[in-house]
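These notes are about the structure you will find just below.
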2 protein chains.
Amino acid sequence: MSDGSLVCTERTPRVVAARKLLRRTGRERAGRFLAEGAQAVGAALASATAPADGGVGRSRARVFEVFATELAAERNIGPLRVAAAAGIPVSMITERAAAALSETVTPQGLLAVCARIDVPLAEALAGAPRLVVVLVGAADPGNAGTVIRVADAAGADAVVLAGDSVDPHNGKCVRGSVGSVFHLPVAVERDVAEVLAGCRRAGVRLLAATADGEWDVFDPTASAALAQPCGWLFGSEAHGLAAEVAQAADARVRVPIYGRAESLNLATAATVCVYATARAQRAATI
Amino acid sequence: MSDGSLVCTERTPRVVAARKLLRRTGRERAGRFLAEGAQAVGAALASATAPADGGVGRSRARVFEVFATELAAERNIGPLRVAAAAGIPVSMITERAAAALSETVTPQGLLAVCARIDVPLAEALAGAPRLVVVLVGAADPGNAGTVIRVADAAGADAVVLAGDSVDPHNGKCVRGSVGSVFHLPVAVERDVAEVLAGCRRAGVRLLAATADGEWDVFDPTASAALAQPCGWLFGSEAHGLAAEVAQAADARVRVPIYGRAESLNLATAATVCVYATARAQRAATI
């Protein structure tokens, strides 16, 4: 591993090509993105090497190659063996190359070049979903990743990034999701009206999370509604949901504020709503 | 306002003194900290100028002075009038001075120099609290601020930063709390055993949030327990709660993971636990 000729630098063509994936245009052109760090790479490899009928809830990820520094390789022998066994090329890279491929202050030294994970809206909403999370105009990739992780944890069937939302393949989003972008179907659809129509065709009731919603998410009326298939609409951090989107939903639901805070942030409000739904749906089926 | 002699620069002594508050040692020496931005400064002024018997749930904040750039002053006439009416000095500062006092990429141009808001543990836990949030070894100031905001929103009686936790007066924590550091009592106590003893003396049952807890937070047994006064213990992002702290609690409680995510992050896990408690306590009193 100390032989320089075997180790890719930041100028090696495959590293130069991978580096273009740090930008949205580069990702869209290549149809690929970078997953960085042990958790994201592990989730990518687990998905890519899962049995075809593994019931993973979404189609398998595709991993084209893995990059690892010498230090990262020592720390991640398991994942690298999984990659090698599946015939996925593993390339050693220098620390400088790892830094060039990273958007973080402390590069992880382990990266996977993956095929885009987003699926068409109709595919994400196939199969009678019971819990769908829709982010409308989500601007912060870290928040979007956190919500994808919460949706996954709560057993959601799909996440949709609607309107002018961040790219789910953005490095901060992939990291914030801690592997969850590989766990459940994620669709990207700019046309919000089409997303609402798609959710209705899929049989979910649309609930808009708004600070002044007519339902308290913990009210018995809301709980009864949550036990049915639901699609939650969450707006942007800065502006919330546009009034016309909130009005287009079947109900507007607020998270109760019992103290003196004015509001919750996007990720924590979504956590209350999505977990309240998961709880209501499980209580109803017992 | 365009007369330079009336506008403080980054070299004006009061700005130089305020700048020292960006560091924990400076804050500890002065007993003061900086609140930045319209929401934090507004919350500081609202607390500082509240009637003594305003039932605000905590003692009043103290604001020594307010700094504003010309642009920020135009945008925040209301808060500046509140300050002036209360006899709090308002100083105009240059954009460079605002940048020197800010830890953010885009300085807000509005800052308040405040007296530390932390109170002794016994004071924070006075008055038969029903919901206490304890962060043990919270390392990330943004996460700590988010949890303080969630605790406030859920109507918690107090937040305790225990062990080797971040300073709640850290700029990122104050910003993440979006004013909530001024809304409920916050105590800082390094001695974790003393925090646990203090909570027990205050009559709250200690619940440790752990991934492998024996109770599911949504189980009926847990819900019955949550309806009683509770103190939640949350560990650090990286390591969770130390085993001896979790064992010292009255019960260990997990957030159910219905999907394929391995876990939730600190802020979202705390959101589920704290809101489940608020819900159980309100359902019990109806």
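Readers should treat all values here as calculations from the given coordinates under stated rules, not as data from a laboratory. Because the structure is predicted, anything quoted here is derived from the model rather than measured. Note that we place each Cβ from the backbone using ideal geometry, even for glycine, and neighbour counts take in every protein chain shown.
What value in Å³ per residue do you get for the convex hull of the alpha-carbon atoms in region B:4-115? List each step's numbers first, then the result.
Details: hull volume 11.7 nm³, N = 112.
Once divided by residue count, the hull of region B:4-115 is 104 Å³.
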5 Å-binned pair-distance histogram of region B:171-286 (Cα, whole percent)
2, 10, 19, 23, 22, 16, 7, 1
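Any idea what the relative contact order of region A:4-115 is, in percent, if you count C-alpha pairs under 8 Å spaced at least 6 apart? Please report the intermediate quantities before stating the final value.
On the way: 177 pairs, mean separation 44.1, N = 112.
Contact order relative to length: 39 percent.
So what is the relative contact order of chain B, in percent, for Cα pairs below 8 Å that sit 6 or more residues apart?
On the way: 601 pairs, mean separation 52.2, N = 286.
It comes to 18 percent, rounded to a whole number.
Give me the one-decimal Kirkwood hydrodynamic radius in Å for chain A, with the sum taken over alpha-carbon pairs.
Averaging 1/r across every pair of different Cα atoms and inverting gives 19.8 Å.
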What are the ³J(HN,Hα) couplings of region B:113-129, residue after residue, when phi is run through the Karplus curve with 6.51, -1.76, 1.60 and θ = phi - 60°? Round to Hz, x for glycine and proline.
8, 10, 6, 2, 9, 6, 10, x, 3, 4, 6, 4, 9, 6, x, 6, x
Distance (nanometres) between label positions extended 7 Å along Cα→Cβ at A:GLU237 and B:ILE257:
2.5 nm
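Inside 10 Å of the C-beta atoms of A:144-152, what's the mean count of C-beta atoms belonging to other chains? Intermediate values should be presented prior to the final figure.
Numbers: counts 0, 0, 4, 1, 1, 7, 8, 2, 7.
Across the residues of A:144-152, the mean count of other-chain Cβ atoms within 10 Å is 3.
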Farthest toward positive dipole pole in the protein assembly as shown [+1 Lys/Arg, -1 Asp/Glu at C-beta], among B:ALA246, B:ALA224, B:PRO168
B:PRO168
Between the Cα axis of helix A:192-201 and the main Cα principal axis of chain A, the angle (0 to 90°, nearest 10) is 70 degrees
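Hey, how much of the P(r) for the protein assembly as shown falls beyond 36 Å, as a percent of Cα pairs?
Above the 36 Å cut-off, the protein assembly as shown has 41 percent of its Cα pairs.
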Could you state the number of Å between the C-alpha centres of region A:14-92 and region B:21-50?
45 Å
If we hang a label 7 Å off Cα along the beta carbon direction at A:ARG200, how far is it from the matching labels on the other copies, in nm, shortest first?
5.9
Tally Lys/Arg at +1 and Asp/Glu at -1 over every other residue whose Cβ is under 14 Å from the Cβ of A:ALA249; what's the total?
0
Sorted peptide list for B:184-193, B:24-33, criterion being average Cβ within 10 angstrom, highest first
B:184-193, B:24-33
Packing rank of A:103-114, A:238-249, where each peptide gets the mean count of other beta carbons within 10 Å, highest leading:
A:103-114, A:238-249
Take the rotation relating chain A to chain B, measure from its axis to every Cβ in chain A, and name the nearest residue with the distance in whole Å.
A:THR271, 2
Hey, can you grab everything whose amide H is under 5 Å from the amide H of A:ALA138? Only 5+ residues off in sequence or another chain; H modelled, so Pro and N-termini drop out.
A:ALA162, A:SER165, A:VAL166
Integer Hz, Karplus 6.51/-1.76/1.60 couplings in order for region B:36-42, x for Gly and Pro:
10, x, 4, 5, 5, 5, x
Tell me which lysines have Cα within less than 26 Å of A:LYS20's Cα, excluding those fewer than 8 residues away on the same chain?
A:LYS172
Using just the helices of chain B, give the 222 nm mean residue ellipticity in deg cm²/dmol: DSSP H runs with n ≥ 4 each add -39,500 (n - 2.57), and the total is spread over all residues, rounded to 500.
-11000 deg cm²/dmol
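Can you tell me the order of B:135-141, A:260-266 when each peptide is scored by its average per-residue count of other Cβ atoms within 10 angstrom, highest first? Kindly include the intermediate steps, with their values, before the conclusion.
On the way: B:135-141: 22.0, A:260-266: 20.3.
The peptides rank, most packed first, as B:135-141, A:260-266.
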Inter-copy separations for B:ALA84, label at 7 Å along Cα-Cβ, nm, ascending:
7.3
Region A:139-153 versus region A:227-286: alpha-carbon centroid distance in Å
14 Å
Roughly how crowded by other chains is peptide B:153-164, in terms of the mean Cβ count from those chains within 10 Å of each of its Cβ atoms?
3
Quick check: net charge around A:VAL178, other residues with Cβ under 13 Å of its Cβ, Lys/Arg +1 and Asp/Glu -1?
0
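Below 11 angstrom from the Cβ of A:ARG11, what's the summed charge of the other residues (Lys, Arg +1; Asp, Glu -1)? Walk me through the numbers before you get to the answer.
Numbers: positive: A:ARG14, A:ARG19, A:ARG96; negative: A:GLU10.
Local net charge: +2.
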Exercise: per-residue mean of other protein chain Cβ atoms within 10 Å, A:270-277
5
